[in-house]
Amino acid sequence: MHLLIYILTLSIFLTSVSRLYASDELMDAGRASSIDFLLENAIRRGLISGGVVAVGNRKGLLYGATRGRLYQNPQSPELTDRTLFDVASLTKVVATTPAVMKLLENGRINLLDPLTRWFPELEGSGREEITLLNLLTHTSGIDDMQVPASEPIKNTLIKTALQNNGKIPGDRFRYADINFILLGELVQRVSGLSLDRFCSEYIYAPIGMADTSFLPQTPLSTAIAPTAGSDNALTAGVVQDANARRLGGVAGHAGLFSTAADLSRFAAMILNQGSYNGALLFQERTVAQMTAPYFYSSGRIVRGLGWDINSPYSAPRGSHFSTMSFGHTGYSGSSIWIDPELDLFVILLTIRLDYRDVRQFNKFRSDISTLAVSIFSHPKMDDELSESLKTP
């Protein structure tokens, strides 16, 4: 019954969305009764216990919605745009990728550097043809593995060297966390700073992402959204990913904690081609290089450097984002999608409960983006239509 009501409401809203531009009051009502409804419906269906949505453009936040509490009791604090979430694989694009791009921009590395230049432990292992570009685009051919608890990096490299899967790096896309585990270690080897310290000093501080970090401090634990462990027990402040825990909580593939407010700053920086509030984080060409499309698996998969563009993981792209858009998802229930053509971003952070029904969760991600773009891109489209009508 809830599903039928949801489908009817979404259909009615999407077909009548153009009528909402008659007044700001109607626009506000449409926003509140649509995106909020999707969050509430996901809570009722048991997909999540709460969530935060942020929609914005290069100027900043356009709309925010929050539903739910940190824990399922009436005394628990409500979620806000300052609630910290374990963003899981968003670490790849909000920490590791920008750190690597900063090193690239400064001439410290080259995308075509062989992996063995920075990891001499892999010499003679048959991995000599793998490049940093292969790691960034998940085309290295290295399979995921369990990170050993003892001397995790050293023993992970040993396992990588011994891996004999017959896969050749290059054209075939295979998503694997190991690519970004190696890139996180690369940042430390090249810069002399751990990934968390490098990101804090060179990525987050310049644009005011004060709440974003690895290993969140204990006093903040009351404001951290919990994640489910293997026993389904909810735990806050400890990274959900087991390999990231074995790496001490700081890893290139997972471990970052952030807020909707901070991620909005990051997305606005990307839309501003590397700058935010007067701070220049990247040169325009660096952002363009990071988000340019690379085609793999006979053209079926399109990736940026770190970023997803079109792949089986592209649910947050929805139905209306342009082909120029890009983003990423996180296992914990997070996602971000950015569209320079529409000047729009959509961020979703949730306390995910249902990890089995991947199809429904991806549909939820898709619906949030589809609805947000329908609402917030139309004023721009209407302006363009008005201008075209003035042309003789």
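Site pair ARG45 and GLN72 shows an inter-label distance of 1.7 nm when each label is modelled 7 Å from Cα along Cα→Cβ. Past 29 Å, Cα to Cα, is the threshold; run LYS102/LYS363; LYS92/LYS154; LYS154/LYS363; LYS167/LYS363 against it and keep the listed order. Beyond 29 Å: LYS102/LYS363; LYS154/LYS363; LYS167/LYS363.
Springs between Cα atoms under 10 Å define the GNM used for the chain, and in it the highest mean-square fluctuation of GLY124, GLY68, GLY274 occurs at GLY124. Phi angles across the range 55-61 convert, under the Karplus curve 6.51 cos²θ - 1.76 cosθ + 1.60 with θ = phi - 60°, into 3J(HN,Hα) values of 10, x, 9, 5, 8, x, 6 Hz, Gly and Pro given as x. Think of the chain as having a plus end and a minus end, set by charges on the Cβ of Lys, Arg, Asp and Glu; of SER335, CYS199, ASN277, SER335 sits farthest toward the positive end of this dipole. Can you give me the C-alpha center-to-center distance between the range 182-240 and the range 30-85, rounded to a whole angstrom? The distance from the Cα centre of the range 182-240 to that of the range 30-85 comes to 22 Å. In this structure, ALA292 and GLU123 have a Cβ-Cβ separation that, at R0 = 41 Å, corresponds to a calculated FRET efficiency of about 0.85.
The label-point distance for ILE168 and GLN360, in a model that sets each label 7 Å from Cα toward Cβ, rounds to 4.4 nm.
One chain, two ends: SER33 and LEU280. Fully extended at 0.36 nm per residue, the span grows by 85.2 nm beyond their Cα-Cα distance. Here the Debye sum runs over all C-alpha atoms of the chain as equal scatterers in vacuum, and log10 of I(q)/I(0) at q = 0.10, 0.13, 0.14, 0.15 Å⁻¹ comes out as -0.65, -1.08, -1.25, -1.41.
Highest GNM mean-square fluctuation among ASN41, ASN232, ASN155, for the chain modelled with Cα contacts below 10 Å: ASN232. A Cβ-based charge dipole, computed about the Cα centre of the range 293-362 with Lys and Arg at +1 and Asp and Glu at -1, lands at about 280 debye. Helices in the chain, meaning DSSP H runs of at least 4 residues, each add -39500 (n - 2.57). Divided by all residues, the mean residue ellipticity at 222 nm is -11000 deg cm²/dmol. A Gaussian network model of the chain, with springs between Cα atoms under 10 Å, assigns the largest mean-square fluctuation among ALA210, ALA244, ALA315 to ALA210.
Would you work out if the range 108-191 is rounded, prolate or oblate? Take a ≥ b ≥ c from the square roots of the eigenvalues of the alpha-carbon gyration tensor; rounded if a/c is under 1.5, else prolate when a/b is larger than b/c, oblate otherwise. Rounded shape, in that the Cα axes give a/c under 1.5.
Where a number appears in this text, it was derived from the coordinates with a stated rule and is not lab data. The structure displayed is predicted, hence computed values, not measured ones. Positions of Cβ are backbone-derived with ideal geometry, glycine not excepted, and every protein chain shown enters the neighbour counts.
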